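Heads up, the thing below is written out as structure tokens.
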Amino acid sequence: MPFKKKKRKEKSLSYELDMNLIPKHIAIIMDGNGRWAKERNLPRTMGHRAGIETIREIVKECSRLGVKYLTLYAFSTENWKRPTDEVNALMKLLVEYLKNEFDELHSNNVVINSIGDISRLPLICQKELENAYARTNTNSGLVLNLALNYGGRDDITHAFKKMYKDLKFGNLMENDICEDTISKYLYTAGIPDPDIIIRPSGEQRLSNFLLWQCAYSEFWVSNIKWPEFKKEHLHQAISDYQNRDRRFGGI
Ligand code: IPE
Ligand code: IPE
Ligand code: MG
């Protein structure tokens, strides 16, 4: 079933969205799964599973609204510190998500992409991801960008190493290095910086997400935990974003 066509203005609860001002790139730190589960005396992995339902709803809604890029922070370079069982469950859920959702995502023209060093993920995850990129890379709808084994510092470190090689072999000249060049060496090359970063669950920190890219992103935090985050919360975030005055250092 195709997602519904967009109207110029939309009302959702009390949030009226200006369809001409939909953010081009929304980035979300999907947080609070564990606490959501704990409140219900459930194992943490049940929280992650419930979080997948939210991913389904938010991807669908972003696509319908005409958002061009949606970056979801799914696993950070620091999340390896978690118990092995939890890490394994998260990897398993990733494979399950890609397998179960692929047809619907593909039929809705979604491009599947990832940022981060996926070479550390289990082979089955890498295989499923490669398959998803290859089969959706000619789609022209929403780019679903999964941040996997992603860290902002690792992103910059990785870029430095690549840049060093290019300098060494004469493919890059010192004088050509500017901010845009650096952006092109990051995992997010070719993707505009996020307009808005959403963090549910009440934490007010970046946790090593998109450090270079968020220089002028608008922040939107909420106490809602990710499994309870609904499209109405997304609308609220977009509506607030549309009422912000982005000055980019000007007046
Ligand atoms: C976010 O939920 C999911 C991942 C980091 C993979 P958490 O697992 O961090 O949930 P809390 O913060 O413990 O509630
Ligand atoms: C950030 O959440 C990483 C992801 C959502 C994947 P964390 O739960 O890992 O962050 P901290 O530990 O609260 O900073
Ligand atoms: Mg957390």
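The values are calculated or read from the model by the stated rules, or taken from the named source; none is laboratory data. In this text, all values refer to a predicted model and were calculated from it rather than measured experimentally. Glycine also receives a Cβ, built like all others from the backbone with ideal geometry; neighbour counts cover every protein chain displayed. The accessibility values were calculated without ligands, DNA or RNA, using every heavy atom of the protein model including side chains. Shrake-Rupley method; radii C 1.70, N 1.55, O 1.52, S 1.80 Å.
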For region 111-122, check the following and say yes or no: at least one residue is surrounded by 13 or more Cβ atoms within 10 Å (Cβ to Cβ), more than 16 Å from ligand 2 (Cβ to nearest atom) and more than 27 Å from C214 (Cβ to Cβ). yes
Being surrounded by fewer than 17 Cβ atoms within 10 Å (Cβ to Cβ), without any contact (Cβ under 8 Å) to a residue 60 or more places away in the chain and closer than 22 Å to D18 by Cβ: is that true of N243 here? yes
Tally, over region 187-218, of residues that are under 14 Å from the mean Cα position of the chain (by Cα), open to solvent by 20 Å² or more (accessible area, probe 1.4 Å) and away from ligand 2 (no atom under 14 Å from the Cβ): 5
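Of L98, L123, L105, which residue is more than 15 Å from ligand 1 (Cβ to nearest atom), more than 20 Å from I196 (Cβ to Cβ) and touching an Asp or Glu at 6+ places or on another chain (Cβ under 6 Å)? Steps first, answer last, please.
Working: L123 fails: touching an Asp or Glu at 6+ places or on another chain (Cβ under 6 Å); L105 fails: touching an Asp or Glu at 6+ places or on another chain (Cβ under 6 Å).
Just a single option satisfies the conditions, and that option is L98.
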May I ask you to list the residues in region 32-45 that are part of a helix (DSSP H, G or I) and either surrounded by fewer than 18 Cβ atoms within 10 Å (Cβ to Cβ) or of a type in the set (D, E) (or both)? R35, K38, E39
Counting only residues that are within 10 Å of the chain's Cα centre (by Cα) and of a type in the set (A, V, I, L, M, F, W, C), which one in region 60-83 is nearest to ligand 3 (Cβ to nearest atom)? A74
Filter result (away from ligand 1 (no atom under 14 Å from the Cβ), over 15 Å from K231 (Cα atoms) and in a strand (DSSP E or B)) within region 16-31: D18, H25
Quick check, is W226 open to solvent by less than 10 Å² (accessible area, probe 1.4 Å), aromatic (F, W, Y) and in contact with a helix residue (DSSP H, G or I) (Cβ under 8 Å, 6 or more places away or on another chain)? yes
Scan (1) buried (at least 16 other Cβ atoms within 10 Å of the Cβ); (2) closer than 30 Å to T157 by Cα; (3) within 11 Å of ligand 1 (Cβ to nearest atom) for the single condition E78 breaks and write down its number. (1)
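Can we say N88 is under 23 Å from N223 (Cβ atoms) and open to solvent by 70 Å² or more (accessible area, probe 1.4 Å)? Before the answer, list the steps.
Numbers: under 23 Å from N223 (Cβ atoms): no; open to solvent by 70 Å² or more (accessible area, probe 1.4 Å): yes.
In short, no.
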Pairs needed: first member in region 193-216, within 22 Å of N243 (Cα to Cα) and away from ligand 1 (no atom under 11 Å from the Cβ); second member anywhere, open to solvent by 10 Å² or more (accessible area, probe 1.4 Å) and among the basic types (K, R); C-beta distance under 9 Å; at least 6 residues apart or different chains. P194/K24; D195/K24; D195/R246; I196/R244; Y216/R246
